[in-house]
Amino acid sequence: MAVDAVVFGNGSSGRAAAELLRREGRGVAVLDGGDPFPAASALAPGAFCVASPGVASDHAWQRAARAAGLRVVSELQLGAERWLARGGRMLAVTGSKGKSSVVKLCADALGGVPCGNYGTPLCEVALTRDGGALPWAVVEASSFQLETTELPADAFAAAAILNLQADHLDRHGSLAAYHALKRKLLDFARVKIAPGDAALAAVPRALFAGSHFDNPVLADNARCAVALLRAAGLADDAIAAAFARFEPLPHRFQTVHEADGVAWVDDSKATSLAALAAGVEMAAARFGAEKVRLIAGGLPKGDDPNSVISCLPNRVEKVYLIGRCAETFRDAWKEVVSCEVCGTMENAVRAAKRDAVAGECVLLSPGAASFDQFESYGARGEWFAALAKEKEG
């Protein structure tokens with residue numbers, strides 16, 4: 001069979017896209033690792049390509065597709081088109097921090113499916129949901145996915161940008177390019193929700209009071225969630241109930257251990273410096289000024305360590321630095337906060353146990369990716385928790 005669809009990547013998104021296309025009777029070629037792009041003679045007329053989010057626009061496969069005049073769409077776009085064709089309804093969320101938590105909240109509230117960058121690939125949702133009324137698909141859209149996504153102006157009933165900070169500059173090259181990709185999502189939505197909207201300021205705190213979101217850092221995300229759920233037709237009493245029962249996702253400011261009056265908080269999902277700053281603000285608000293001992297560092301993502309200098313004094317007692325950017329962070333911060341280069345998580349936890357006193361918090365909020373020392377931010381957070389709970393010999 002001639003190839004009329006080429007899928008870039010064989011991870012969960014790529015596998016879901018390939019299976020969807022095969023069920024449509026298409027000849028599919030899945031490229032992985034160092035696989036070469038198919039020869040022109042193998043491609044059927046009208047062939048197109050589907051990009052997994054990890055395959056950047058400057059990848060050799062993408063360049064080959066453009067040179068051959070082939071259309072490249074994201075797995076997100078393919079899944080959305082098929083879901084819409086079946087009469088499915090969608091909400092969408094993007095932003096620099098807190099996307100997954102808002103997606104989970106909205107999906108739980110609506111009895112829907114969390115999907116996209118968090119949860120199930122949207123192509124898999126389009127494959128497996130058969131019969132009866134289709135649930136809401138609540139889609140987390142990353143900047144990586146939005147690079148190759150184009151959808152109708154009414155694809156989503158509502159879409160929200162939670163916040164715009166610095167992240168993924170190593171891929172997108174500039175803050176302006178990264179933010180432009182995030183804003184692109186609103187082009188595909190009937191109701192557009194963005195920071196600074198007057199309607200968000202009018203959302204009453206009472207709807208999320210006492211919930212995971214009831215703090216100065218996450219309150220704006222809560223208001224965006226309210227706006228999304230209202231756009232989906234949910235009443236305020238049901239929205240308040242959803243906030244009240246919400247359980248946060250792992251590695252998002254999660255207290256994983258308490259001993260001798262010291263709280264150990266896993267915020268390993270904080271992989272950008274903007275997210276680190278948010279974690280510090282939340283910890284200082286909860287535990288008090290200068291009660292935070294911060295474990296930070298990892299694989300840098302191109303954002304400027306000087307951007308968080310203002311959040312460290314009067315909030316953080318000491319920083320314990322790990323990973324490839326440990327010395328870079330130390331050099332940027334040493335004039336405003338005590339810093340110790342520890343190198344590994346083991347050394348950082350050991351040093352924090354040595355120093356911490358009752359009433360303090362040891363916060364893992366790395367401000368960097370995990371891949372220099374761990375396979376994922378989840379593995380990093382789990383190792384932090386295990387070391388925190390380990391009895392000293």
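The values are calculated or read from the model by the stated rules, or taken from the named source; none is laboratory data. This one's a predicted model, so the numbers in the text were calculated from it and none came from an experiment. All Cβ positions, even for glycine, are placed from backbone atoms using ideal geometry, and neighbour counts span all protein chains on display. Remember, those area values only see protein heavy atoms, side chains included, never the ligands or the DNA or RNA. Shrake-Rupley method; radii C 1.70, N 1.55, O 1.52, S 1.80 Å.
Out of all Cα-Cα pairs in the stretch 167-282, roughly what percent, to the nearest whole number, are more than 26 Å apart?
Values: 2221 of 6670 pairs.
Of all Cα-Cα distances in the stretch 167-282, 33 percent exceed 26 Å.
Within the stretch 96-135, what whole-number % of the accessible surface is contributed by carbon and sulfur, with the 1.4 Å probe and all protein chains included in the calculation? That fraction is 41 percent.
Output the relative contact order of the stretch 32-72, whole-number percent, from Cα pairs under 8 angstrom with separation of 6+ residues.
Values: 23 pairs, mean separation 18.1, N = 41.
Contact order relative to length: 44 percent.
Taking Thr255, Thr94, Thr271, Thr128 and ordering them by how much accessible surface each has at a 1.4 Å probe, largest first, produces Thr128, Thr255, Thr271, Thr94.
Tell me whether the stretch 92-197 comes out rounded, prolate or oblate; compute the Cα gyration tensor, take square roots of the eigenvalues as a ≥ b ≥ c, and use a/c under 1.5 as the rounded threshold. Here the stretch 92-197 falls in the prolate category. May I ask you to list the aspartates and glutamates whose Cα is less than 16 Å away from that of Lys184, ignoring any residue fewer than eight positions away on the same chain? Cross-link targets: Glu140, Glu147, Glu150, Asp154. In this structure the amide hydrogen of Phe48, modeled in the peptide plane, comes within under 5 Å of the amide hydrogens of Ala5, Val6, none closer than 5 places in sequence on its chain.
Would you work out the relative contact order for the stretch 255-333, in percent, from Cα pairs under 8 angstrom that are 6 or more residues apart? Walk me through the intermediate numbers first.
Values: 102 pairs, mean separation 22.7, N = 79.
This gives 29 percent for the stretch 255-333.
Applying the criteria of a DSSP loop state and at most 13 other Cβ atoms within 10 Å to the chymotrypsin sites (Phe, Trp or Tyr not before Pro) of the stretch 254-363 yields no site.
In the stretch 251-343, carbon and sulfur make up what percent of the accessible area (probe 1.4 Å)? Spell out each step's value before the answer.
Numbers: 1490 of 3580 Å².
The C+S portion of the solvent-accessible surface of the stretch 251-343 is 42 percent.
Taking the centroid of alpha carbons for each part, the stretch 5-79 and the stretch 137-185 are 21 Å apart.
Whole number in Å², please: accessible area per residue of the chain, 1.4 Å probe, ligands, DNA and RNA not counted.
Working: 15980 Å² over 393 residues.
That works out to 41 Å² per residue.
The relative contact order of the chain comes to 12 percent, based on Cα pairs under 8 Å that sit 6 or more residues apart.
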